[in-house]
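Structure first, commentary second.
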Amino acid sequence: MKLPTYFISHGGGPWPYMPDMQASNAALAASLADIPAQIGDKPKAILMVSAHWETPGTFMVMAASKPPMVYDYYGFPAHTYDIQYPAPGAPDLADRVLQLLQAAGLPIQKDSQRGFDHGAYVPAFVMYPDADVPMAQLSIDAHYDPEKHMALGRALAPLRAEGVLIIGSGLSYHNLRQIYGGGAEASAQFDAWLQKVLLHSPTEQRAQSLAGWESAPAARLAHPREDHLIPLMVAAGAAENEAVTCVYHETQAFAGITASSFRFGAV
């Protein structure tokens with residue numbers, strides 16, 4: 001069985017560990033919790049491409065067997081800096097990723113020290129709260145080339161038939177300066193473009209449209225830096241010509257913005 005791929009909006013900070021934020025993220029939580037039901041049997045491993053791990057000029061894959069934690073946020077309650085998500089690492093998956101990317105001519109290195117950042121462990125906790133699915137992270141290239149990241153997805157595509165769930169973890173809108181004022185219109189415009197490209201346009205045009213994302217309505221208002229958009233390119237590249245389903249959509253997410261998540265491929 002070939003698993004689908006996902007681009008998810010992972011929400012803000014350590015929200016599943018904070019009761020007040022749990023309430024405001026109920027729809028997002030429901031969408032993430034439904035992913036295991038969508039795919040059926042537990043995956044052999046998760047390969048999480050998080051917006052919160054950037055490496056310049058190369059890709060890096062987590063190779064630790066017992067990854068530590070990375071608390072890459074600030075201003076949250078003290079207990080959120082003691083969170084543990086004790087999922088095992090996936091060194092064998094790291095070796096396979098290395099093999100696939102080298103064969104595709106893409107730069108790749110292993111990192112035995114890197115831990116889970118909140119772009120990885122937050123959605124993983126909601127999906128698999130028992131932390132019983134091995135997980136490795138894969139970085140994005142800090143130069144943000146969309147075509148390079150779609151090529152990365154294509155190189156990773158064989159993993160889908162090997163029981164690995166590929167998830168691009170970011171946000172469909174990520175402009176923190178405008179999120180509490182002015183983000184509603186920009187997020188709605190950019191989300192409408194995403195929906196059109198992913199759900200309603202010919203699949204053979206998808207890669208070209210995504211590569212030219214900066215020409216989309218409100219593109220740079222939605223993503224002044226495209227770090228949280230780039231994981232979408234990986235998920236799309238790994239399921240390049242397959243149907244897309246919107247698995248999460250809110251028009252009043254976070255501070256009144258429009259946010260979405262997408263599944264690539266059938267279940």
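The values are calculated or read from the model by the stated rules, or taken from the named source; none is laboratory data. Computed from a predicted structure; not experimentally measured. All Cβ positions, glycine included, derive from the backbone under ideal geometry; neighbour counts span all protein chains shown.
See the values below:
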| read-out | value |
| --- | --- |
| Selected residue (criterion: nearest to Gly163 (Cα to Cα)) from residues of the stretch 31-60 that are small (Gly, Ala, Ser) and touching a residue at least 24 places away in the same chain (Cβ under 8 Å) | Ala45 |
| Scope the stretch 113-127; condition out of contact with any strand residue (DSSP E or B) (no Cβ under 8 Å at 6 or more places or on another chain) and in a loop (DSSP other than H, G, I, E, B); matching residues | Gln113 |
| Condition check for Gly13: touching a residue at least 40 places away in the same chain (Cβ under 8 Å) and over 24 Å from His228 (Cα atoms) | no |
| Qualifying residue in the stretch 93-109 (condition: out of contact with any Leu (no Cβ under 7 Å at 6 or more places or on another chain), among the aliphatic types (A, V, I, L, M) and either closer than 26 Å to Tyr73 by Cβ or at pLDDT below 95 (or both)) | yes |
| Criterion violated by Pro107 - all others in (1) farther than 20 Å from Leu152 by Cβ; (2) touching a Gly at 6+ places or on another chain (Cβ under 9 Å); (3) not hydroxyl-bearing (Ser, Thr, Tyr) satisfied | (1) |
| Of all residues making up the stretch 142-180, the number that are over 25 Å from Ala211 (Cβ atoms), at pLDDT 95 or above and part of a loop (DSSP other than H, G, I, E, B) | 1 |
| Matching helices (runs of 4 or more DSSP H) fully within the stretch 1-94 where at least 1 residues are in contact with a Lys or Arg (Cβ under 9 Å, 6 or more places away or on another chain) | 35-39 |
| Subset of the stretch 254-267 (residues that are modelled with pLDDT under 95 and at positive phi) | Phe254, Gly256 |
| Condition check for Pro129: farther than 24 Å from Glu226 by Cα, in contact with a Gly (Cβ under 7 Å, 6 or more places away or on another chain) and not acidic (Asp, Glu) | no |
| Subset of the stretch 71-116 that is under 23 Å from Gly163 (Cα atoms) and among the β-branched types (Val, Ile, Thr) - its residue that is surrounded by the fewest Cβ atoms within 10 Å (Cβ to Cβ) | Ile108 |
| When residues of the stretch 172-208 are limited to those that are surrounded by 18 or more Cβ atoms within 10 Å (Cβ to Cβ), polar (S, T, N, Q) and within 22 Å of His143 (Cα to Cα), the one farthest from the chain's Cα centre (by Cα) | Asn175 |
| Segments classed as helices (runs of 4 or more DSSP H), wholly inside the stretch 181-253, with at least 3 members that are out of contact with any helix residue (DSSP H, G or I) (no Cβ under 7 Å at 6 or more places or on another chain) and at pLDDT 95 or above | 183-199 |
| Whichever residue in the stretch 131-151 is over 16 Å from the mean Cα position of the chain (by Cα) and within 17 Å of Met48 (Cβ to Cβ) and, among such residues, is surrounded by the most Cβ atoms within 10 Å (Cβ to Cβ) | Pro134 |
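Rundown of residues vs (1) touching a strand residue (DSSP E or B) at 6+ places or on another chain (Cβ under 8 Å); (2) under 30 Å from Ala266 (Cα atoms); (3) surrounded by fewer than 15 Cβ atoms within 10 Å (Cβ to Cβ), yes/no style:
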| position | (1), (2), (3) |
| --- | --- |
| Thr5 | yes, yes, no |
| Trp15 | no, yes, no |
| Ala26 | no, yes, yes |
| Ala37 | no, yes, yes |
| Lys44 | yes, yes, no |
| Trp53 | yes, yes, no |
| Lys66 | no, no, yes |
| Met69 | yes, no, no |
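Conditions tested, residue by residue: (1) free of Cβ contacts under 8 Å to residues at least 60 places away in the same chain; (2) touching a Cys at 6+ places or on another chain (Cβ under 7 Å); (3) crowded, with 22+ Cβ neighbours inside 10 Å.
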position	(1), (2), (3)
Ala218	yes, no, no
Met233	no, no, yes
Ala243	yes, no, no
Tyr248	no, no, yes
Gly256	no, no, no
Phe264	no, no, yes
